[in-house]
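A.B. asks: What follows is a structure written as structure tokens; I'll ask about it next.
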Amino acid sequence: MNLFEGRIGKQEGANIAGIALISGALFVLDIAEEYRYGNGTYVAFPGAIFLSLMLFLLLAGALRVSGQKDLTALLDFAFGKFAGNVFAALLCAFLFIDAYCLLSRFSAMVHALVYTKVTPFPVLLWIVPTVVYIAFRGLECIGRLAKCFGVLLGVVLLVELLLPIQAYESYRLFPLPVDHWQSIAADAFSGMFATAPALLALLCMAQGLQGVRSAKQAGLIGALVGIVLAALVQLAIGMTYTYAELQNMFVPLYRLNLKLMQESYFFREDKLALFTWLIGAIIAGAYYLYGSAFLFCRRWSRYDVRPAVIAGGVALLCCIAAEHTGQYRVLTDAFALVQRYGTWFLAVPFTAAAVVSLVKTRIRKGKADEKA
């Protein structure tokens, strides 16, 4: 079975997880929906990563206790082969959906903010094939790219937050969402659809990360970095614009520096920042696409992951092109439905898998001790 898994270490895994989590939290989650009751994204967005981390650590602990080699084996151990296939198919679909949501948002950003005089399809033709090629080369290629660019992307993001520091005003954070904690918790929970698959995929590919322990450490580091950066970015955005302005703003992070740079030496730096973020989105998109193809081949006995990657890439291109041309409204409505309710299909079955596997392991150990 040629899954092009290779072998990567904790640094590569942490960079993959961090890039995917930050990209999902900053560019996939619905900004307008989050600002409907005030400025609470600096809690909700990091909260989505934190809840995903809790689920990830629970599953990693269940893997360690039960002695299973990866997440798919844990699903079989907890529920049996048939139910394991169903839940693996769910995760496979969510990885594809996250790739779609991320690349769709970035293709719209690049088209609307840079290449305004062309149709969206030419933009897609140089973003999606790049993602497919990287995914085609396998997990090791994705990990090496993430390691090369991870620190650079983090530094660029921090510089982006420091440049407009003179425009920050704490009063713009008001009204504080003290009366809407339930809504913020609900937003953080629903946002897990954009963050949890990135961590769960690490457990599916645990053998490529030198085992479950290494995958756990990589996911933990990547998630902690993602929580800090997501909170800083949302605080910076909240101190630059009021929540009423942010409700109707397209890509607030892009507008963050544009406010002060138009009359400075940093004019057009916003365009460079956009393409820097695009590098991260391409790496994250390749990770999601490869993870979806890897899981499909691993569960349904396909001997080579590359045809699945190509097929997934073609489907991805068709879905995004159909969305941008206004065709197949049913498709976009279905993806919107997944964004709103999809977390339940991730959190419930995988939490249940961890709990059931822990109970089963305890029962089996108890029976073994009685026989001894």
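The values are calculated or read from the model by the stated rules, or taken from the named source; none is laboratory data. These numbers come from a predicted model, not from an experiment. Cβ placement follows ideal geometry from the backbone for every residue including glycine, while neighbour counts extend to all protein chains displayed. Please note that ligands, DNA and RNA were not included when accessible areas were found on the heavy atoms of the full protein model with its side chains. Shrake-Rupley method; radii C 1.70, N 1.55, O 1.52, S 1.80 Å.
A.B. asks: Quick check: anything in the range 315-331 buried (at least 18 other Cβ atoms within 10 Å of the Cβ), in a helix (DSSP H, G or I) and modelled with pLDDT of 90 or more?
C.D. replies: The answer is yes, given that some residue of the range 315-331 is buried (at least 18 other Cβ atoms within 10 Å of the Cβ), in a helix (DSSP H, G or I) and modelled with pLDDT of 90 or more.
A.B. asks: Kindly indicate the residue of the range 167-185 that is under 27 Å from the mean Cα position of the chain (by Cα) and outside any helix (DSSP H, G or I) and also farthest from Gly238 (Cα to Cα) among those meeting that condition.
C.D. replies: Looking only at the range 167-185, we keep the residues that are under 27 Å from the mean Cα position of the chain (by Cα), and these are 173, 177, 180-185.
With outside any helix (DSSP H, G or I) added as a condition, the list becomes 177, 180.
Details: Pro177: 12, His180: 17 Å.
By that ranking, first place goes to His180.
A.B. asks: Take Tyr341 and tell me if it is within 16 Å of the chain's Cα centre (by Cα) and under 24 Å from Phe56 (Cβ atoms).
C.D. replies: Values: within 16 Å of the chain's Cα centre (by Cα): no; under 24 Å from Phe56 (Cβ atoms): yes.
Judged against the criteria, Tyr341 is not a match.
A.B. asks: Shifting gears a bit: Name the helices (runs of 4 or more DSSP H) wholly within the range 52-166 that hold at least 1 residues that are without any contact (Cβ under 8 Å) to a residue 40 or more places away in the chain, more than 23 Å from Val309 (Cα to Cα) and open to solvent by less than 50 Å² (accessible area, probe 1.4 Å)? Please lay out each step first, then the result.
C.D. replies: Numbers: elements: 71-79, 81-113, 120-137, 139-162.
Output list reads 71-79, 81-113.
A.B. asks: Going through Ile22, Ile8, Ile16 one at a time, which residue ends up being of a type in the set (A, V, I, L, M) and open to solvent by 10 Å² or more (accessible area, probe 1.4 Å)?
C.D. replies: Working: Ile8 fails: open to solvent by 10 Å² or more (accessible area, probe 1.4 Å); Ile16 fails: open to solvent by 10 Å² or more (accessible area, probe 1.4 Å).
Residue meeting the stated conditions: Ile22.
A.B. asks: Filter the range 335-357 down to residues that are among the aliphatic types (A, V, I, L, M) and at pLDDT below 90 and give me whichever is nearest to Cys204 (Cα to Cα). First the steps, then the outcome.
C.D. replies: Kept after step one, since they are among the aliphatic types (A, V, I, L, M), are these residues of the range 335-357: 336-338, 346-348, 352-356.
Narrowing further to those that are at pLDDT below 90: 336-338.
Details: Ala336: 26, Leu337: 26, Val338: 22 Å.
Among them, the one singled out is Val338.
A.B. asks: Let me ask something else about it. State the number of residues belonging to the range 261-296 that are more than 16 Å from Val110 (Cα to Cα) and either surrounded by fewer than 22 Cβ atoms within 10 Å (Cβ to Cβ) or modelled with pLDDT under 85 (or both).
C.D. replies: Step one: filter the range 261-296 for residues more than 16 Å from Val110 (Cα to Cα), giving 261-267, 283-284, 286-296.
Restricting the remaining residues to those that are either surrounded by fewer than 22 Cβ atoms within 10 Å (Cβ to Cβ) or modelled with pLDDT under 85 (or both) gives 261-267, 296.
Of the residues in the range 261-296, 8 are more than 16 Å from Val110 (Cα to Cα) and either surrounded by fewer than 22 Cβ atoms within 10 Å (Cβ to Cβ) or modelled with pLDDT under 85 (or both).
A.B. asks: Ok, one more. Kindly establish whether Ala334 is free of Cβ contacts under 8 Å to residues at least 24 places away in the same chain, part of a helix (DSSP H, G or I) and among the hydrophobic types (A, V, I, L, M, F, W, C).
C.D. replies: yes
A.B. asks: If you go through the range 176-230 one residue at a time, how many are on the phi > 0 side of the Ramachandran plot and open to solvent by 30 Å² or more (accessible area, probe 1.4 Å)?
C.D. replies: Residues that pass the stated criteria total 1.
A.B. asks: Take the range 29-43 and flag every residue that is at pLDDT 80 or above and crowded, with 24+ Cβ neighbours inside 10 Å. Break it down into steps so the answer makes sense when it comes.
C.D. replies: Kept after step one, since they are at pLDDT 80 or above, are these residues of the range 29-43: 41-43.
Residue satisfying the conditions is Thr41 alone.
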